[in-house]
Amino acid sequence: MMKNDILSVLSLVFFSFGVALSSQIYVVFLVPILFLIILNPKSFLPSLKRLIFLNLFIFLISLSAVLAGNLQMAILIFVRSNIIVFFAILLFYKKDGYFFASGISKLVFSDKFAWSIYLSINYIGFLSSDLKRLKKTLLIRGLIPQTSLFCYKAYANMVALLFLSAYKRISAMQKTMISRGFNGKFFRKKEKIKINFGDFLVFFSVVICGFVKFGVLI
């Protein structure tokens, strides 16, 4: 976890592009991840649990390469995606959407783009909390997950409720922002840019990954 929002965003961008565009997986790619764990050891287990959950989607992406008959590419996609996602989770551990959007805004991106990122992150959080609430409601009402028409209808209704909930939140947010005179400007906290040793260490290791590559894993 880094404390400087600008370096956090830059680290994520450079690391993601460096790993994604590499034709092989190198040991050096694990160095920034190792530094993040050392700087905040408590973030390791929660971040690992999150990564295991997200592996369901990563597996489905890799499966497309397997079905195409390219097992080597599937393994590369799987490992590459895990490295990037794990780095991102550790990097923004216990950080909110404002932290990420603020870093983007400070990098001379348009305020509208920063607002889009901020609102998207928040709505994902809202949908996630609504999904958990609806799942608990279904379990309390005695729904047993099984391959039956009744279960399929229940899950279809749950998805429909999620879309309706998202639409209501978006409409309410739009009306609130208009009533408060929103003009598209992204407001940032007025504070001096501070870079501590941990931030510099992680960012420097990310930059090194782009130029120095050794220890081929895959």
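The values are calculated or read from the model by the stated rules, or taken from the named source; none is laboratory data. Everything numeric here is computed off the predicted structure, so don't read it as measured data. So basically every Cβ, Gly included, is an ideal-geometry build from the backbone, and we count neighbours across all protein chains shown. For the accessible areas, the whole protein counts, side chains as well, though only heavy atoms, and no ligand, DNA or RNA atoms are used. Shrake-Rupley method; radii C 1.70, N 1.55, O 1.52, S 1.80 Å.
Residues of the chain: accessible area per residue at 1.4 Å, in Å²?
On a per-residue basis, 66 Å².
When the dipole is taken about the Cα centre of the chain, and only Lys, Arg (+1) and Asp, Glu (-1) are charged at their Cβ, what size is it in debye, to the nearest 20? Write down the numbers at each step before the final one.
On the way: 26 positive and 6 negative charges, 184 e Å.
Roughly 880 debye, rounded to the nearest 20.
DSSP H helices in the chain with Cα extent of 20 Å or more along the helix axis and mean Kyte-Doolittle hydropathy at least -0.5?
Values: long enough: 5-20 (22 Å, 2.02); 44-67 (33 Å, 1.88); 71-91 (30 Å, 2.27); 111-140 (44 Å, 0.33); 149-179 (45 Å, 0.68); 197-211 (21 Å, 2.15).
Sorted by number, the helices that extend far enough and score high enough are 5-20, 44-67, 71-91, 111-140, 149-179, 197-211.
How would you order 126-135, 27-36, 195-204 from highest to lowest mean count of nearby Cβ atoms within 10 Å? All intermediate terms of the calculation are to be shown ahead of the outcome.
Values: 126-135: 13.9, 27-36: 19.0, 195-204: 16.3.
Top of the packing list down: 27-36, 195-204, 126-135.
What's the magnitude of the charge dipole for segment 1-126 around its Cα centre, counting Lys and Arg as +1 and Asp and Glu as -1 at the beta-carbon? Answer in Debye, nearest 20.
Computed about the Cα centre, the dipole is about 240 debye.
Could you pull out every one of the lysines with an alpha carbon less than 28 Å from that of residue 106, ignoring same-chain neighbours closer than 8 positions?
Here the lysines satisfying the reach criterion relative to residue 106 are 3, 94, 95, 175, 185, 189, 190, 192, 194.
Of all the Cα-Cα pairs you can form in the chain, what percent are over 25 Å apart? Walk me through the numbers on the way to the answer.
Numbers: 12853 of 23653 pairs.
Considering the chain, 54 percent of its Cα-Cα pairs are separated by more than 25 Å.
Can you give me the long-range amide H partners of residue 26? Hydrogens built in the peptide plane at 1.01 Å from N, cutoff under 5 Å, separation of 5 or more residues or another chain.
Amide H to amide H, under 5 Å and 5 or more residues apart or across chains, residue 26 pairs with 217.
Picking from 118, 18, 176, whose Cα lies most toward the positive end of the charge dipole for the chain (charges on Cβ: Lys, Arg +1; Asp, Glu -1)?
Among 118, 18, 176, the one farthest towards the positive end of the dipole of the chain is 176.
Please report, as a whole percent, how much of the solvent-accessible surface of segment 83-169 comes from carbon and sulfur atoms (probe radius 1.4 Å). Could the numbers behind the result be given before it?
On the way: 3900 of 5690 Å².
Roughly 69 percent of what the probe reaches on segment 83-169 is carbon or sulfur.
Please compute the contact order of the chain in relative form: average sequence separation of alpha-carbon pairs under 8 Å and at least six residues apart, divided by the residue count, as a percent. Walk me through the intermediate numbers first.
Values: 181 pairs, mean separation 92.8, N = 218.
Value for the chain: 43 percent.
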